[in-house]
Amino acid sequence: MSIKSDIWIRSAAEGGMIEPFEPYQVNAINNSRIVSYGTSSYGYDVRCAKEFKIFTNINHAIVDPKNFDEKSFVDFYGEVCIIPPNSFALARTVEYFRIPRNVLTICLGKSTYARCGIIVNVTPLEPEWEGHVTLEFSNTTPLPAKIYAEEGCAQMVFLESSETCEVSYADRGGKYQFQNGVTVPCI
């Protein structure tokens, strides 16, 4: 696999791979500095939407990926999400992705958040996966942490193969295909 920035930029801009697509790096809005988003050197910096699911243990639930209780989350909609100490929140990208059959996408956290003890975790976006990406923000600090909606939060790196995969995520009927909102674990 290799990274070919000119190919993915054309595919993203013309082929609907990323919508909405920002062809440049945006780091200020109305003369106010923001956490940057848009096209970067070899990837794309995504934005966090305004909808969040903040983890809470008010029901003293056990976190079980095979039987996840949605009552473990409090829904929140707003410009800034406050994540409690040593907790996490789920969010989604503003951008909708359509990954080509010969591309694997890896998500990495942005250094601005990482340097504050906020870790962004996303599993790879497999060939022919489509939807809004669900993001997990872990607050590893003993203090409350802020996540800014509509600003950059993670970087997608695109790895292009010289061959198409034999079985894509769409071929397998992946359970997270076409997700639109913040999607909790399911099996």
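The figures follow:
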quantity: Theoretical FRET efficiency, 1/(1+(r/R0)^6), r = Cβ-Cβ of E14 and Y148, R0 35 Å, to 0.05; calculated: 0.70
quantity: Average Cα contact separation per residue, the chain, under 8 Å, 6 or more apart, as relative contact order %; calculated: 27 percent
quantity: Among S36, Y176, P20 - extreme Cα towards positive end, dipole of the chain, charges at beta-carbon; calculated: S36
quantity: 4 °C / 1.567 mPa s Stokes-Einstein diffusion coefficient of the chain, Kirkwood radius on C-alpha pairs, µm²/s; calculated: 75 µm²/s
quantity: Angle between the chain longest axis and helix 5-14 axis [Cα atoms, degrees, rounded to 10]; calculated: 80 degrees
quantity: Mean projection area, nm², convex hull over Cα of region 40-94; calculated: 5.4 nm²
quantity: Rounded percent of accessible protein surface that carbon and sulfur make up, the chain, 1.4 Å probe; calculated: 53 percent
quantity: Charged-residue dipole, Cβ positions (Lys, Arg, Asp, Glu), the chain about Cα centre, Debye nearest 20; calculated: 460 debye
quantity: Out-of-range pairs (alpha-carbon distance over 24 Å; input K50/K71; K53/K146; K146/K175; K71/K175; K50/K110); calculated: K146/K175
quantity: Cysteines in the chain that, by Cβ-Cβ distance, have no pairing candidate under 4.7 Å; calculated: C81, C107, C116, C165, C186
quantity: Modelled label reach - L159, point 7 Å along Cα→Cβ, region 71-105 residues with backbone N closer than 18 Å; calculated: 99-105
quantity: About the Cα centre, charge dipole magnitude for region 117-187 (Lys/Arg +1, Asp/Glu -1 at Cβ), debye; calculated: 420 debye
quantity: DSSP-loop GluC sites (Glu not before Pro) across region 109-187, with at most 13 other Cβ within 10 angstrom; calculated: E163, E166
quantity: Along the chain, longest interval not containing exposed trypsin sites (Lys or Arg not before Pro), exposed being DSSP loop plus at most 10 other Cβ atoms within 10 Å; calculated: 116-187
quantity: Sum of -39500 (n - 2.57) over DSSP H runs of 4+, divided by residues of the chain (222 nm, nearest 500); calculated: -2000 deg cm²/dmol
quantity: Rh (Kirkwood; distinct C-alpha pairs) - region 54-124, Å; calculated: 14.8 Å
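The values are calculated or read from the model by the stated rules, or taken from the named source; none is laboratory data. Note that the structure is a prediction, hence the values are computed from the model and not measured. No Cβ is skipped: glycine too gets one built from the backbone with ideal geometry, and neighbour counts run over all protein chains shown. All accessible areas refer to the heavy atoms of the entire protein, side chains included, with ligands and DNA or RNA removed. Shrake-Rupley method; radii C 1.70, N 1.55, O 1.52, S 1.80 Å.
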